[in-house]
Amino acid sequence: MWGMSLCGACYGVHHICSIRCAHRLSGMRTLSRRGLMTEVSTVQDLRSTCLKEMQAAVARAYFPHELQKLGREASPGFVRTLDLGPLTLGKIRWGADIALDCDYAEDAYEVNIVLSGHLSWTRGSRSWSAGPGEAAVFLPGKRSTITHWDADATVLGIKIGRAALHQHLPAGSAVAGSFEETMPPSLDLRTEQGRSWVNFIRSTAGHVISDPVATALPAVRDSMVASIAAPMAVFLSPAEASAPPGPYMIRRVRHAVEQDPSRRWTLDDLAAVSGVGRRRLQQVFREYVGVSPTAWLLRVRLDRAHQLLAAPSGGGGSVSEVAYACGFNHLGRFSQEFRGRFGCTPSEVRARKG
């Protein structure tokens with residue numbers, strides 16, 4: 001599935017198979033090994049030039065969707081999925097430029113990690129794109145459109161139940177729905193931690209494919225799900241994203257900003273707090289956080305602003321007061337950056353909670 005070898009039958013026009021090439025569509029399959037009857041995880045494997053067949057396989061593993069072909073097929077595509085109960089992993093390449101109008105379930109998230117090529121998508125009036133090492137984030141019950149999935153784009157798709165993800169959230173992240181309200185629409189997984197997580201997922205899937213009985217015991221399956229879900233919850237949590245682990249200079253910068261969020265921090269200010277030069281601070285942030293110090297600072301300010309605006313009974317103040325308290329002097333830029341991160345304006349958040 002993730003670099004494994006399958007028998008020739010598995011590469012027919014429409015075959016869904018386990019590692020032992022027993023064809024099945026869904027659920028768990030009972031096998032016998034050394035006299036022990038066990039249930040193992042469902043595996044789908046399909047290689048085809050027929051978009052309808054691939055569409056059906058993707059819908060079985062993920063969510064209902066409408067597919068639109070945007071160009072001629074470039075090559076055979078493939079759909080390979082692994083069902084671990086509350087978690088589904090899949091590696092997909094359509095082999096043609098396509099668009100997908102997706103109707104996501106009320107009880108599951110999806111994160112599509114781009115391994116090659118590019119992916120573009122919209123939700124409401126907002127649009128985003130992702131390349132290799134980046135990921136698209138889709139929320140439960142929110143209709144989204146993948147406007148362009150390149151013919152050669154390969155995506156590692158992760159679907160996880162809401163309950164399975166929420167039990168691994170950092171403390172306070174899911175209070176009053178704030179987790180989903182502030183969840184980023186995309187992830188940058190080109191950091192050391194991000195690459196490590198993606199490699200772990202691929203390794204785990206490969207292990208299950210090569211030895212499906214490894215998931216026979218519920219405790220084993222639960223452990224596999226948890227090992228993938230826990231880092232995923234951290235990546236998706238704005239609170240954690242704004243306070244990443246790292247060397248002492250990052251902790252110093254974080255503490256200083258938290259103590260005085262309204263200050264108009266400059267790169268020189270942050271470097272002075274950290275105890276290292278501007279260039280070194282930028283290198284450390286890019287290595288451990290994945291973005292520059294100023295980009296991180298902007299994210300922290302925006303997350304803080306969202307928390308204040310979402311405070312009940314207007315406790316966080318007016319939009320202009322919140323903007324100023326979070327270090328923004330220009331309301332127009334604040335509104336633009338806020339919409340870019342959260343997909344809505346500051347006034348819309350205040351209206352919902354006011």
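The values are calculated or read from the model by the stated rules, or taken from the named source; none is laboratory data. Worth saying up front: this structure is predicted, and the values here are computed from it rather than measured. So basically every Cβ, Gly included, is an ideal-geometry build from the backbone, and we count neighbours across all protein chains shown.
Do we find a residue being of a type in the set (Lys, Arg) and assigned to a loop (DSSP other than H, G, I, E, B) anywhere in segment 128-148?
Yes, because at least one residue in segment 128-148 is of a type in the set (Lys, Arg) and assigned to a loop (DSSP other than H, G, I, E, B).
Considering every residue within segment 104-111, establish whether at least one is assigned to a loop (DSSP other than H, G, I, E, B) and acidic (Asp, Glu).
yes
Can you find even one residue in segment 268-287 that is outside any loop (DSSP other than H, G, I, E, B) and of a type in the set (Phe, Trp, Tyr)?
yes
Output the residue which, of all residues in segment 41-69 that are touching a helix residue (DSSP H, G or I) at 6+ places or on another chain (Cβ under 9 Å) and closer than 15 Å to LEU89 by Cα, is modelled with the highest pLDDT.
So the residue we want is LEU46.
Out of (1) under 27 Å from SER125 (Cα atoms); (2) surrounded by fewer than 19 Cβ atoms within 10 Å (Cβ to Cβ), the odd one out for TRP296 is which?
So TRP296 meets the others, but not (2).
For LEU267, only one of the following conditions fails: (1) touching a helix residue (DSSP H, G or I) at 6+ places or on another chain (Cβ under 6 Å); (2) buried (at least 17 other Cβ atoms within 10 Å of the Cβ). What is its number?
Going through the list (1) touching a helix residue (DSSP H, G or I) at 6+ places or on another chain (Cβ under 6 Å); (2) buried (at least 17 other Cβ atoms within 10 Å of the Cβ), LEU267 breaks only (2).
Being in contact with a strand residue (DSSP E or B) (Cβ under 8 Å, 6 or more places away or on another chain) and surrounded by fewer than 19 Cβ atoms within 10 Å (Cβ to Cβ): is that true of GLN55 here?
So GLN55 passes the test.
From the list SER320, SER262, SER347, pick out the single residue that is outside any helix (DSSP H, G or I), of a type in the set (Ser, Thr, Tyr) and more than 23 Å from VAL137 (Cβ to Cβ).
From the options SER320, SER262, SER347, the qualifying one is SER262.
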